[in-house]
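Beneath this line is the structure, given in structure tokens, with notes to follow.
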Amino acid sequence: MWYNMTEKKETEKQKGRRTGAVNTPARIAELRMLSGMSQQELADRLFVSRSLVSKWETGKRRPEAACVDAMAELFRVPADSILSYRRELLSEISRALPRGLNISPEDLPARIDVFLEGLGTNERRVFVRRYHFLEDLRSIGERYGMSYGAVRTTLSRTGKKLRRFLTEEKGQSK
């Protein structure tokens, strides 16, 4: 699970077999080709560059949730058939957890609640919209009058604060 960073690392291929996870790069390429589109045509419809579409299809980059939603609408498939939001968000937040943190799933929400109480209103709202309501960055920005970059920066800085908070707390509990 995402809360126990001491578990043996698995390859993405092993994880996919174990969880039945979506192979996002192959799925995007498959849907694009089934629709008879070139990478450039898909890029034009999503207002991104052709090289970004290529990076999605080779697995070098992951599409943002807003692009996944747009592709789902364009290809008339559920967004989760392209990319599993919950898995991606758990992966995203797990990067904020200190290595070696061994905390039970029952205890982690309480620790995060304590952390959230110490944040400013804006940081707390952005964090909760992203990780509790699973909202994409563009929607969060629109909701709070922030640019996409400002939302991304807020989440990055809040993630670093969460890591420090849990690391300091871990050190105090020894």
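What follows draws every value from the coordinates through simple rules; no lab data is involved. Only a predicted model underlies this, so the values are computations on that prediction, with no experimental measurement involved. With ideal geometry, Cβ positions are generated from the backbone for all residues, glycine too; neighbour counts draw on all protein chains shown.
Here the stretch 31-73 was treated as a single set of alpha-carbon atoms; its pair distances binned every 5 Å from 0 give 6, 24, 36, 30, 4 percent. Hey, quick one: spin label on residue 41, modelled 7 Å out along Cα-Cβ, who in the stretch 50-72 has an amide N within reach, i.e. under 17 Å? Counting only backbone N, you get 50-51, 53-54, 71-72. The Cα atoms of the stretch 87-173 define a convex hull whose projected area, averaged across directions, is 5.6 nm².
Near the amide H of residue 135, within less than 5 Å, lie the amide hydrogens of 130, all on another chain or at least 5 residues away, with H placed in the peptide plane. The GluC sites (Glu not before Pro) of the stretch 40-149 that meet both conditions, a loop assignment by DSSP and at most 13 other Cβ atoms within 10 Å of the site Cβ, are 106.
Among the chymotrypsin sites (Phe, Trp or Tyr not before Pro) in the stretch 125-168, those placed in a DSSP loop whose Cβ has at most 12 other Cβ atoms within 10 Å are 133.
Cβ crowding within 10 Å, taken as a proxy for footprinting-reagent exposure, orders 75, 47 from fewest neighbours to most as 47, 75. Rounded to the nearest Hz, the phi-derived 3J(HN,Hα) couplings of the stretch 154-161 under the Karplus curve 6.51 cos²θ - 1.76 cosθ + 1.60 (θ = phi - 60°) are 4, 5, 4, 5, 5, x, 5, 5, where x marks glycine and proline. Taking other C-beta atoms within 10 Å as the exposure proxy, 156, 139 rank 156, 139 from fewest upward.
Of the trypsin sites (Lys or Arg not before Pro) found in the stretch 36-144, those in coil by DSSP whose Cβ has at most 14 other Cβ atoms within 10 Å are 60, 61, 76, 95, 99. Here 107, 80 are placed in order of increasing Cβ neighbour count within 10 Å, fewest first, which gives 107, 80.
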